[in-house]
Amino acid sequence: MRKKLIALLLLMFPVLLQAQSYKAVSISLAEGLSQSSVYDIIQDNKGFTWMATQDGLNKYDGSSFQVYRDEPFDTNSISSNNTENLLCDSKGRIWAGTANHGLNLYLPEKGDFKHFSANENSDALASNIVTALHEDTGRKHLGGNR
């Protein structure tokens, strides 16, 4: 009985250590979040937290926000402020799906976005309303080798 108890405690020890490494924080508009309705949250491979909201894509570094919004005369800005879902793919790239203007791939070198929409060509999206994102590792990515 004692050996089983020790074995159980040893199995639980890594779980207990892992659970202690997380700290819950409250983030609100007061800290710089662009909008209080957050539809999706992901963390990229550099540790940044990304939040999809009705008023832009928010990137949080642990102390401050950078908000990406649609700039009407800037074709390199995100295609819509109404971001609904996010994906960090196996290459570490950030994808943002919007409620009405297609899919965006974040290009970190310049802070720009590449757009994918239903209007581009037959290999693009079926609709500009992106309701979910999931990486299919068996197929070629829309973003090419970026």
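Values in this text are rule-based calculations from the coordinates and carry no lab data. Not measured: the values here are computed from a predicted model. Because the Cβ atoms are built from the backbone with ideal geometry, glycine has one as well, and the counts that use them run over all protein chains shown.
For the range 27-133, the convex hull spanned by the alpha carbon atoms encloses 102 Å³ per residue.
Sequence-ordered 3J(HN,Hα) estimates for the range 99-112 from the Karplus curve with 6.51, -1.76 and 1.60 and θ = phi - 60° stand at 7, 8, 9, x, 10, 10, 10, 6, 10, x, 4, 10, x, 9 Hz, glycine and proline given as x.
Database remark: amide H of E84 closer than 5 angstrom to the amide H of G97, T98, A99 (H placed geometrically; neighbours at sequence offset of 5 or more, or on other chains; Pro and chain starts carry no H). Among the trypsin sites (Lys or Arg not before Pro) in the range 22-96, those placed in a DSSP loop whose Cβ has at most 10 other Cβ atoms within 10 Å are K23, K46. At an R0 of 25 angstrom, the distance between the Cβ atoms of I27 and A132 translates into a FRET efficiency of 0.55. Among F116, F48, a tally of other beta-carbon atoms within 10 Å of each Cβ gives an order, fewest to most, of F48, F116. Close amide H partners of D40, meaning residues 5 or more places away or on another chain with modelled amide H under 5 Å apart, are A52.
Taken one residue at a time, the phi angles of the range 28-45 give Karplus couplings (6.51, -1.76, 1.60, θ = phi - 60°) of 9, 4, 4, 8, x, 4, 6, 7, 7, 8, 9, 8, 8, 9, 9, 10, 8, 6 Hz. Gly and Pro are set to x.
Listed from fewest to most Cβ neighbours within 10 Å, the set S90, S34 follows the order S90, S34. Cβ crowding within 10 Å ranks E71, E109 as E109, E71, fewest other Cβ atoms first.
Once the C-beta distance of S90 and F65 is scaled by a Förster radius of 30 Å, the resulting FRET efficiency is 0.70 to the nearest 0.05.
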